[in-house]
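Take a look at the structure set out below.
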Amino acid sequence: MMSEENPTLAELLEKEGLDRETLRTVLASVHPVDLAELLDDVDLDDRVRIFEVLEPEVAAQVLAAMPHDYKVELVEKIGEEKLSGIIDKMPDNAVADILDHLPHHKEKQVLDQVDTNKAVDLKVLRQYPPNTAGGRMTRNFVAVPADTTARQVIQQIQGAVDPHTVDFIYVTDEQERLQGISSLARLMLHKPDEKIGSFMRKEFSVVGPTTDQEEVARLAQKYRIRAVPVVDEERKMLGVVTLQDIVEVIQHEASEDMHKMAGSFQVDSMDTPVWRRYSRRLPWLLLTLGGELVIAVVISKVFRTTLEKAVVLSAFMPAIAAAGGNVGLQSTTLIVRGLGMGTIRAAQFMKVVLTELRLGTFLGVTCGLASAVIAMLIERNHQDVFKIGVAVFLAMISATVATSFGGALGPMILHRLKLDPATACGPFVTMFNDLFGTSVYFFIASLLNFSLPVAQAV
Amino acid sequence: MSDQELNLSGEEWKGLDRDTLRTVLASVHPVDLAELLDDVDLEDRIRVFEVLDPQVAAQVLAAMPHDYKVELVDKIGEEKLGGIIDRMPDNAIADIIDHLPLHKEKRVLSNVESEKAADIQALRKYPANSAGGRMTRNFVTVPEQATARQIIQQIQGAVDPHTVDFIYVTDEAGHLKGISSLARLMLHKPDEKVGDFMRKEISFVGPTTDQEEVARLAQKYRIRAVPVVDADMKMIGVVSLQDIVEVIQQEASEDMHKMAGSVVADSLHTPTFQRYKMRLPWILLTLGGELSIAVIISKVFGNTLEKAAILSAFMPAITAAGGNVGLQCTTLIVRGLGMGTIKFSQLMRVILTELRLGMMLGVTCGIAAAGAAALIEHHHPPKVVLKLGIAVFLAMVSATGATSVVGSVEPLVLHRFKFDPATACGPFVTMFNDIFGTTVYFLIATLLDFTTK
């Protein structure tokens, strides 16, 4: 927020005779995260120019906060020496993330600059997909044997590179297998010569390196864990996923659920080129459009005579479709979010679906009564006014009942099949509802046998 | 995992004596135990609580849904309750007290020592969804002259080791001057003064700052604990990252449910009638809009429809395409506003980008639908088929274009006027789109003088 009051960065850079020192002083007053935001508005040349004067420590933070596309572009342009200084100050998982997006020759160049220890860590991290515990974890953790005293642990911490990741001490045996955990704060409560093995916590949750990041996030939230240890099959310590990374995961997963529900393939963003956004959104639109056009076939081939006898029926199609669609979307949202948060458990599936069905019925009866009355008022001069009311009422109830059931069941089935329950729920619920609601509507109308229109009243 | 180890819904466990029950329960994580207690009645819950260690009971209580929590607090014996409350963090107690009847509130507070009671009252001055309502008063402050050694000694006397990850440095008047993490403290020599190595550039919030704003700040600047200060920069509390995670989840749920025209509700623990009342308003309101379409079709376009009833067969396709595209825009904007990545000042850019994308999608869907319509109705004379195709195409393009704009502007405008941008976007966008799409469709058909007779 503070940045908005300053002169824009572009204006500043245009000033004649701006020397490196002045630029550095000005930039020093801006938070790295805000600086990353400001760099959004200038071109690549200016970005490179700014990076050249930044302290490596600050540059590393700015780089970490930048959008991906820019990041890669920039890394390719920054001078060799500068880059290695920056990389040196970045946490291993952030470096791995950048490497994953670099062209091969540049990747080698960056890897040549890091020291062997870090290179090994990077190799371990990059074995795992970015959306797993292994891809999200940092290798920068402190592990000590159980007979280490509190004093010795503290001495070891004082030699650690990155003070950000020493909030927890991991106790391992000779085979590097995880035995216990102590927070730094807990350690401080004990006498310097007490052994960590005597006060460490022995019951703790762990994940494997291939555990999905969503699962890691759920675990951390449910049990309020601030750093989740990642271990291999032999319980050897591989890394740690911190709560800060988990916050990112949670936000990402929530965005993904929302966008997928609306029928977009991935998280949509205004900064993405319009063609890519187009191709992410189009498939579900076209697929459900196909379903909607089936309705046209049904009406045109099956219920044509009914429609021609009482064209006025079609005036109420939008109301029926909308009521069913909205109720269905509400149920779907509830289920998708509940599954995402882990608050709806597999054992409760039937109970949840039945609750939704019951609620959908109540809502449907209310909407059905209201619309039937209004429909009869609008068409009060029609010869079959009563039949119109009945058809609207019954169709609306069937549509809301069916969609609240389908809208709740759909995501649960997807979840059971190990697919993402959020996938295209919105468009799919609409399509299902439109197909079902309209068919029921015309089916009822044909049963009611509307009379032929009286010699063109209009 | 616990489900296999212990099943409280059966009867067997009730025969166990207190000690055996305690041993069995000790093997279950408190959070899992809270989940298991979901399936039993109040009496059984009390029975379980009576044998739990206060420390564990406090954790189980914190993990329970609200309704149960209050019910249970109401019934637990005085002495037991005192022990449990004593082990709970101040903000969790404040949260429970907020939901208790007045006389019970007094009963709980009388069990709390006076210093903690003062903290709890301080928290309760602020709304539950503000920084002040979310913060804990349990933090460590030291003067600038304190050495690393002195601070460590002070920490060793602190009650709750969970909240000492950061040390807050204040002057004599209690003004916040700097922060040091415990880890950073360890990197310095025992006789170095904290004033020399503390971080002086810090982000902080006021007690009335909205929790969503606190969460955004913490995420943007990767802060692990956000200090809360009053107007004089005096330290009054800390919001931890764990509480922020809860805020983030709550806000995301709220956005999603509001978008669907609903309210966040625990589906299995909220009475159906209450949920009915939460959901009904937006559905009924937009139903009114949808029924106005009936008036338009029947009164304005009655003639056109009589001449070509088949037009109505394509209404669902037109409204669905527009509605889906609109929902995609709305989702993007609502989420962007929630995350702080989209601002009102970008209004024009948003409109133009979304309109362009909406038109591209609309043209694609329009061509596909017009082609399909021509195929379905191929038995009509070519001129009629052509007119139908044109009407379907144009209506679909205008509907998707218009809903892209409305779907993205609506949340931005609501946000601008300090309403929640997520409010009922879904049903509203559907309604707007249906009215607009259908009207355009019939208007074009009328202009084309469409008839199958």
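Only the coordinates and a few stated rules stand behind these numbers; no lab work does. Everything numeric in this text was worked out from a predicted model, so none of it was measured. FYI the Cβ positions are ideal-geometry reconstructions off the backbone, even for glycines, and counts take in every protein chain you see.
Under the √(5λ) rule applied to the eigenvalues of the Cα gyration tensor, what semi-axes describe the equivalent ellipsoid of region A:274-448? Give them in Å, descending.
Semi-axes from the Cα gyration tensor: 32, 20, 12 Å.
For region A:301-458, with the dipole built from +1 on Lys and Arg beta-carbon atoms and -1 on Asp and Glu ones, taken about the Cα centre, which of A:Asn326, A:Val440, A:Val352 lies farthest toward the positive end?
Farthest along the dipole direction, towards plus: A:Val352.
Net charge near B:Ala215: determine it from the other residues with C-beta under 10 Å of the C-beta of B:Ala215, scoring Lys and Arg +1 and Asp and Glu -1.
Cβ neighbours under 10 Å give a net charge of -3.
What's the magnitude of the charge dipole for the protein assembly as shown around its Cα centre, counting Lys and Arg as +1 and Asp and Glu as -1 at the beta-carbon? Answer in Debye, nearest 20.
Around 2740 debye, computed over the protein assembly as shown.
Other chains' Cβ within 10 Å of A:349-361 residues: what's the mean?
2
Calculated from DSSP H runs of 4 or more alone, at -39500 (n - 2.57) each and per residue, what is the 222 nm mean residue ellipticity of chain B, nearest 500?
After summing the helix terms and dividing by residue count, I get -19500 deg cm²/dmol.
Summarise the long-distance tail of P(r) for chain B by giving the % of C-alpha pairs beyond 33 Å.
56
Starting with the highest mean, order A:32-43, B:48-59, B:126-137 by the number of other Cβ atoms within 10 Å, averaged over the residues of each peptide.
Most protected by this proxy first, the peptides run B:126-137, B:48-59, A:32-43.
How much of the DSSP bridge set in the protein assembly as shown is antiparallel, in percent, rounded to the nearest 5?
75
Eigenvalues of the Cα gyration tensor times 5, then square-rooted: what semi-axes does that give for region A:2-126, in whole angstrom, largest first?
28, 13, 13
Run lengths n ≥ 4 of DSSP H only: what is the helix-derived mean residue ellipticity at 222 nm for chain A, with -39500 (n - 2.57) per run over all residues, to the nearest 500?
-19500 deg cm²/dmol
Please provide three numbers in whole Å: the alpha-carbon extents of region A:224-287 along the principal axes, with the largest listed first.
Principal-axis extents of the Cα atoms in region A:224-287, largest first: 48, 23, 21 Å.
Could you tell me the number of lysine pairs in region A:274-448 with C-alpha atoms less than 28 Å from each other, where the two lysines are 8 or more residues apart or belong to different chains?
Taking the Cα cut-off of 28 Å, the pair count is 4.
List the lysines whose alpha-carbon lies under 24 Å from that of A:Lys195, not counting same-chain residues fewer than 8 positions away?
Filter leaves A:Lys236, B:Lys189.
Where a Cα-Cα gap under 15 Å defines reach, which aspartates and glutamates qualify for B:Lys299, not counting those fewer than 8 residues away within the same chain?
Correct list for B:Lys299: A:Glu379, B:Glu290.
Hey, what's the Cα Rg ratio for the protein assembly as shown versus the globular rule of thumb, 2.2 N^0.38 Å?
Taking N as the residue count of the protein assembly as shown, the ratio is 1.06.
Work out the P(r) tail for region A:212-330: percent of alpha carbon pairs separated by more than 19 Å, whole number.
69
Choose one of A:His190, B:His269, B:Ile97: the residue whose Cα lies farthest towards the positive end of the charge dipole of the protein assembly as shown (beta-carbon charges +1 Lys, Arg; -1 Asp, Glu; about the Cα centre).
Farthest towards the positive end: B:His269.
Per-residue HN-Hα couplings for region A:407-413, Karplus 6.51 cos²θ - 1.76 cosθ + 1.60 at θ = phi - 60°, whole Hz, x for Gly and Pro?
So the Karplus estimates, Gly and Pro as x, are x, 8, 6, x, x, 5, 5 Hz.
With all distinct Cα pairs included, what does the Kirkwood hydrodynamic radius of region B:340-426 come out to in Å, to one decimal, could you say?
14.7
With only alpha-carbon atoms in the gyration tensor, what are the semi-axes of the equivalent ellipsoid for region B:272-447, in Å, largest first?
In descending order the semi-axes read 32, 20, 12 Å.
Could you please state, rounded to a whole Å, how far the C-alpha centre of region A:265-295 is from the C-alpha centre of region A:318-365?
24
Residue farthest toward the positive end of the dipole of the protein assembly as shown, with Cβ of Lys/Arg at +1 and Asp/Glu at -1: which of A:Gly426, A:Gly342, A:Leu12?
The residue sitting farthest along the positive end of the dipole is A:Gly426.
Given an 8 Å cut-off on Cα distances and at least 6 residues of separation, report the relative contact order of chain A as a percent.
11 percent.
Considering only DSSP beta bridges where both residues belong to region B:140-240, give the percentage that are antiparallel (nearest 5).
70
So what are the ³J(HN,Hα) numbers for region B:130-146, from phi and the Karplus equation (6.51, -1.76, 1.60; θ = phi - 60°), rounded to whole Hz, Gly and Pro as x?
Rounded to whole hertz, the list is 10, 4, x, x, 8, 6, 10, 8, 8, 9, 9, 10, 9, x, 4, 7, 4.
Once you charge only the Cβ atoms, +1 for Lys and Arg and -1 for Asp and Glu, what is the size of the charge dipole of region A:196-282 about its Cα centre, to the nearest 20 debye?
160
Go through region A:393-406 residue by residue and turn each phi into a ³J(HN,Hα) via Karplus (6.51, -1.76, 1.60, θ = phi - 60°); whole Hz please, and just put x for glycine and proline.
4, 5, 5, 5, 5, 4, 5, 5, 4, 5, 6, 5, 5, x
A 24 angstrom limit on the alpha carbon distance is what I want to check against. Which of B:Lys80/B:Lys104; A:Lys89/A:Lys191; A:Lys106/B:Lys343; B:Lys104/B:Lys234; B:Lys220/B:Lys343; A:Lys71/A:Lys118 exceed it?
Flagged as over cut-off: A:Lys89/A:Lys191; A:Lys106/B:Lys343; B:Lys104/B:Lys234.
Under a Cβ-Cβ cut-off of 14 Å, what is the net charge of the residues other than A:Pro318 that fall near it, where Lys and Arg count +1 and Asp and Glu count -1?
Net charge around A:Pro318: -4.
For region B:125-200, run through the GluC sites (Glu not before Pro) and keep only the ones in DSSP coil with at most 11 other Cβ atoms within 10 Å of their Cβ.
B:Glu172
Considering every Cα-Cα pair within region B:1-129, what fraction, in whole percent, is farther apart than 21 Å?
39
Could you work out the mean count of beta carbons from other protein chains within 10 Å of each residue's beta carbon in B:362-374?
Taking the mean over all residues of the peptide, I get 3.
Return the long-range amide H neighbours of A:Ile169 (sequence gap of 5 or more, or a different chain), with a cut-off of under 5 Å between placed amide H atoms.
Correct list: A:Ser182, A:Ser183, A:Leu184.
Can you give the Kirkwood hydrodynamic radius for region B:140-240, in Å, rounded to one decimal and based on Cα pairs?
By the Kirkwood definition, the hydrodynamic radius is 13.9 Å.
What is the magnitude of the charge dipole of region B:215-339 about its Cα centre, with +1 placed on the Cβ of each Lys and Arg, -1 on the Cβ of each Asp and Glu, and no other charges, expressed in debye to the nearest 20?
Dipole of region B:215-339, to the nearest 20 debye: 200 debye.
Based only on the alpha carbon positions, what is the Kirkwood hydrodynamic radius of chain A, in angstrom?
Radius from the Kirkwood sum: 27.0 Å.
With every atom except the alpha carbons ignored, what do you get for Rg and Dmax of region A:7-78, in angstroms?
Cα only, region A:7-78: 11.2, 32 Å (Rg, Dmax).
Out of residues 5 or more away from A:Thr132 or on other chains, whose amide H comes under 5 Å of its own, with H placed 1.01 Å from N in the peptide plane?
Sorted by chain and number, the residues that satisfy this are A:Gln213.
How crowded by other chains is A:219-227, given as the mean number of beta carbons from other chains within 10 Å of each beta carbon?
Neighbouring Cβ atoms belonging to other protein chains average 4 per residue here.
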